[in-house]
1. Explain nothing, just the number: dipole magnitude of the chain about its Cα centre with +1 on each Lys and Arg Cβ and -1 on each Asp and Glu Cβ, in debye rounded to the nearest 20.
2. Below 15 angstrom from the Cβ of L99, what's the summed charge of the other residues (Lys, Arg +1; Asp, Glu -1)?
3. Using label points projected 7 Å from each Cα along Cα→Cβ, tell me how many nm separate M17 and F30, to one decimal.
4. Once every DSSP H run of n ≥ 4 in the chain is given -39500 (n - 2.57) and the sum is divided by its residues, what mean residue ellipticity at 222 nm do you get, rounded to the nearest 500 deg cm²/dmol?
5. Multiply the residue gap between L56 and D8 by 0.36 nm, knock off their C-alpha separation, and tell me the result in nm, one decimal place.
6. Treating the angle as unsigned and between 0 and 90°, give the value, to the nearest 10°, between the Cα long axis of helix 11-29 and the longest Cα principal axis of the chain.
7. What do you get for the angle between helix 49-68 and the principal long axis of the chain? Use alpha-carbon atoms, 0 to 90 degrees, nearest ten.
8. Using only the Cα atoms of segment 1-103, construct the convex hull and provide its projected area averaged over every direction, in square nanometres to one decimal.
Amino acid sequence: DSGLRPPDPPWNMRLAMLLFAAACVLLGIFPEWLYGLLPYPVDYQPYTASHVMTQLQLLLFSGLAFFVLLPLMRRTETISLDADWLWRVAGYRLGRGCLVGLGQLRAYIADSIVRVSSLVLALASGRWGRAALARKPLGAMMFWVVLLLAVLAGLANF
């Protein structure tokens with residue numbers, strides 16, 4: 001016992017519980033009020049001797065079974081596998097595996113961007129690149145702007 005005691009519910013919640021408890025008792029005593037609300041005529045008698053005895057037998061024998069089997073319901077220190085294992089353990093492991101895989105994919109893409117950028121820079125600074133870029137200075141400037149924007153856009157997504 002943690003010793004925590006919740007406060008009493010507010011008055012409107014207590015009123016709602018009281019009203020619905022009274023409605024349940026009244027509909028149990030006078031079921032014809034409920035049957036009158038149905039869209040079709042009902043010819044059912046809930047309080048016949050046979051029906052009352054059947055329901056009492058069900059209630060008493062289920063109570064007897066509960067108290068007879070009560071010692072078997074003691075608490076045991078076991079691990080129970082249930083359907084929530086799927087998202088509590090397997091889902092967690094699958095998610096962690098996906099994150100590791102995405103991290104490796106990100107590292108591979110970033111490494112590829114660096115290798116392609118260094119290859120483009122090597123080509124641009126080589127003999128072919130200098131000759132091609134020297135012919136059109138505006139084209140050279142556009143090439144470097146597009147290259148830098150592509151690298152920045154690639155790195156911004158990571």
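Throughout, read-outs are computed from the coordinates displayed, never taken from laboratory work. Please read all numbers here as calculations on a predicted model, not as lab measurements. In this analysis, Cβ positions are derived from the backbone assuming ideal geometry, glycine residues included, and neighbour counts consider all displayed protein chains.
1. That gives a dipole near 1680 debye.
2. Working: positive: R93, R96, R106; negative: none.
Result for the neighbourhood of L99: +3.
3. 2.6
4. Values: 6 runs with 109 residues, N = 158.
Rounded to the nearest 500, it is -23500 deg cm²/dmol.
5. 13.8 nm
6. The two axes meet at around 50 degrees.
7. Value to nearest ten degrees: 60.
8. Quarter of the Cα hull surface area: 15.8 nm².
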